[in-house]
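Just below is one structure, and these are the notes that go with it.
The values are calculated or read from the model by the stated rules, or taken from the named source; none is laboratory data. Everything numeric in this text was worked out from a predicted model, so none of it was measured. Note that each Cβ is placed from the backbone with ideal geometry, even for glycine, and that neighbours are counted across all protein chains shown. The area values use the complete protein model at the heavy-atom level, side chains included, leaving out ligands, DNA and RNA. Shrake-Rupley method; radii C 1.70, N 1.55, O 1.52, S 1.80 Å.
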Amino acid sequence: MKNIKILVAFLMVFMGLTACEEEMEKAMIKQEITANSLNEMSSADYTLTFESRSEVFEEFAWTAPDFGFEASITYTLQMDTAGGSFAKPFSFPTTQALTVSPTVNAVNAALLGMGLDPDVAAEVQFRVMSSVNPNVAPVYTNVVSANVTPYLATFPPIYIIGDAQGWNLGNALEVTSTGPGTYEAAGLFQADGKFRFFATPSWDAEQWGWSFFEGGTVASELASGEDGDSNFLFGGTTGVYKISVNLNAKTITLEEGELPTLFVIGDAQGWNLQAALELTFLGGGKFEGTGTFQDGGYFRFFEKADWAATQYGYSYFDGGTIPAEFTDGGDGDSNFIFAGSTGEYTVSVDLNSKEISLEVATQYPAALYLVGDDQGWSFANSPTFTNLGGGVYEAEGVNFTKESTFRFFEEADNWSDDFGAGFFTGGIDDELAAVGDNDDNFSFVGESGLYTITVSLSDMSIVVEPYSAYPSSLYLVGDDQSWTFANSPVFSSSTPGVFEATGVTFTNGSTFRFFEELDNWSDDFRYAYFTEVSSDLEAAGDNDDNFKFIGTDGAFNITVDLTTKSVQLSQ
């Protein structure tokens, strides 16, 4: 019996070794692999056109190489100019099929990227690389070639100059090219206003007026200006229109629309949609505006003042032209960080060329001080003003005593650079009056108390309102509201700082926090603010210091008392 067991074990080892040898033989690569073959192209000459850009350039087909075993082969079509020797070829996307059909647009873009001139024929070569493993040298087919003439893929814009632009070259509306001789833009058209097209914003540029389009088709809102400049006359209602121009077919279409918009939202705006800085549309993807940029502040651009809108962050402009002050925020939202001094700047943005420029634009002081009787005429006691941008400053909880006098200053301990009552010709609040003294001071003629004061150096106006230490509204936003302000329960408030809501849905494990202003994520009341909370609530322990509901799912009444810093739930 022992000898039989030994014999069986020997046979099993022998069979295992034989199987291994067979597997090794199956995976053995041939020492000499015969290259596969790439079929000749269907033509010797190709002239690419913008109109055919979505069509197939050529269907390339080849045979499969024999690596000596059944392999999973990846194929890459490569392209190079004659004389390039495929030292730095362009590679099209890989495939495991035996054919590939790149589009005219893909080939054209690759040729222009390789430095070929548009509208000039050049000899171009193609081959296929076959790969099975990074550790195995690839196999290349034979080379096939053809003469290929690429087309110009980008075209300069044209411009509209007329009454709506004040016949000002600097205000010319850029009409972006969508192809050879075709253009589109959205812009303001003025009732009974005249205009014409220009190749560049210059009076000496090539121009296209009413006479050029005679025999073509133009929008019904347009007519001849009946003047010596061959202008168009716009007979529609003043407003924004989308205009499409085809100089080849001599056609113009118009349809009512709205101007594109672009906003800056970030730390300088308190991440508040309602405080977003709106830039002015200049045409052709260009926008410009002036606002406050905050040193070390994060921000990005939004198509609309809406969190769900298309956004343009650092990554969008990376590779374009960005001012040195706009650095990479390095966060998941692709924000910029402003690396300059806090102040007013004019920012110009071109979404098409991905260019941003920045200029210092402030004509207002960075800070504002209120000094008078209630401050003991000491700058150190001035209330703290927030610079809202555009020459507007605001301070909350400012103590005013009836008949006290004061004035404003732009620099601490500098008595010469001041703003007295005579400066504010745009209007001042009823609580204020001019003293009429040599220093041009104000007098507070309202009742003594705490006030919010808003000072506009741009409008030369002052607004004074009674101050409340607590917000007038409250929002609860979290998981059960899909983190959307619009889904917040409605709170009522009969006592300042105390808010109540009924029938509020809470789900076990859901997180949330409170906010004092719609769509403003910065002014919030977090878990740590409150000293007394319901037993159904606890700290979520996350970076936003949210609440976490740990009770049973259901509808609850909630009372939030900001005066005692408490949150209570009841059913």
For the range 374-510, the accessible surface attributable to carbon and sulfur atoms (probe 1.4 angstrom, ligands and nucleic acids excluded) amounts in percent to 44 percent
Tell me, what ³J(HN,Hα) does each residue in the range 401-409 have, in order and in whole Hz, if you take phi through Karplus 6.51 cos²θ - 1.76 cosθ + 1.60 with θ = phi - 60° and put x for Gly and Pro?
9, 4, 6, 6, 10, 5, 7, 9, 9
Where does each of Thr217, Thr182 land when they are ordered by accessible area, with a 1.4 Å probe and the largest first?
Thr217, Thr182
Could you tell me the relative contact order of the chain? Use alpha-carbon pairs under 8 Å, at least six residues apart, and round to a whole percent.
6 percent
Keeping every protein chain in place, order Ile160, Ile428 by accessible area at 1.4 Å, biggest value first, i.e. largest first.
Ile428, Ile160
Please list, in order along the range 488-503, the HN-Hα scalar couplings obtained from phi with the Karplus expression 6.51 cos²θ - 1.76 cosθ + 1.60 (θ = phi - 60°), rounded to whole Hz, x for Gly and Pro.
5, x, 8, 9, 10, 9, 9, 10, x, x, 10, 10, 9, 9, 10, x
How large is ³J(HN,Hα) for each residue in the range 372-387, as worked out from phi by the Karplus curve 6.51 cos²θ - 1.76 cosθ + 1.60 (θ = phi - 60°), to whole Hz, x for Gly and Pro?
x, 4, 5, 9, x, 6, 10, 4, 5, 9, 5, x, 8, 9, 8, 7
Relative to the compact-globule estimate 2.2 N^0.38 Å (N residues), the Cα gyration radius of the range 197-313 stands at a ratio of 1.46
Based on Cα positions only, what radius of gyration and what Dmax would you give for the chain, in angstroms?
35.9, 127
Under 26 Å between C-alpha atoms is the cut-off here; go through the chain and count lysine pairs that meet it, provided they're at least eight residues apart or on different chains.
11
Using a simple charge model, +1 on the beta-carbon of Lys and Arg, -1 on the beta-carbon of Asp and Glu, nothing else, what dipole does the chain show about its Cα centre, in debye to the nearest 20?
2600 debye
Rounded to two decimals, what is Rg over Rh for the range 296-439 when you use alpha-carbon atoms and the Kirkwood radius?
1.11
Heads up, I need the accessible area for Leu77: 1.4 angstrom probe, whole protein in place, Å², nearest 10.
0 Å²
Relative to the longest principal axis of the chain, what angle (0 to 90°, nearest 10) does the C-alpha long axis of helix 2-26 take?
80 degrees
The range 41-183, accessible surface, carbon-and-sulfur percent (1.4 angstrom probe):
50 percent
Whole-number percent relative contact order across the range 39-117, with pairs defined as alpha carbons under 8 Å at least 6 apart:
39 percent
Rounded to the nearest 10 Å², what accessible area does Ser472 have for a 1.4 Å probe in the complete protein model?
120 Å²
I'd like the orientation of helix 104-113 relative to the chain: the angle between its Cα long axis and the longest Cα principal axis, in ° from 0 to 90, rounded to 10.
80 degrees
So what are the radius of gyration and Dmax for the Cα set of the range 253-319, in Å?
13.0, 47
Which value, in Å² rounded to 10, gives the accessible area of Met460 with a 1.4 Å probe and all protein chains present?
60 Å²
Give the range of the longest stretch in the chain that excludes all GluC sites (Glu not before Pro) found in loop regions by DSSP and having at most 15 other beta-carbon atoms within 10 Å.
71-205
With each label point set 7 Å from Cα along the Cα-Cβ vector, what nm distance links Thr99 and Thr495?
8.1 nm
Using modelled amide H (1.01 Å from N, peptide plane; none on Pro or chain starts), what sits under 5 Å from the amide H of Val371, excluding residues fewer than 5 places away?
Arg407, Phe409
Bin by bin, in steps of 5 Å, what percent of the Cα pairs in the range 102-146 do you find, going until the bin that has the longest distance?
5, 17, 20, 21, 15, 13, 7, 3, 0
Length-normalised contact order for the range 158-240 - Cα pairs under 8 Å, 6+ apart - percent:
30 percent
Please compute the Cα-Cα pair-distance distribution of the range 406-470 with 10 Å bins starting at 0, giving whole percents from short to long.
19, 51, 27, 2
Along Cα→Cβ, 7 Å out, is where each label goes; now give me the distance between the ones at Ala380 and Glu40 in nm to one decimal.
9.6 nm
Net charge of Cβ neighbours under 13 Å - reference Ala555; Lys, Arg +1; Asp, Glu -1:
-3
Would you kindly give the portion of the calculated P(r) for the range 24-104 that falls above 23 Å, as a percent of all Cα pairs?
36 percent
Taking 37 °C and 0.692 mPa s as the conditions, I'd like the Stokes-Einstein D for the range 463-571 in µm²/s, using the Kirkwood hydrodynamic radius from alpha carbon pairs.
233 µm²/s
Quick check: net charge around Leu368, other residues with Cβ under 13 Å of its Cβ, Lys/Arg +1 and Asp/Glu -1?
-4
Under a 1.4 Å probe, what is the accessible area of the chain per residue, stated in Å²?
51 Å²
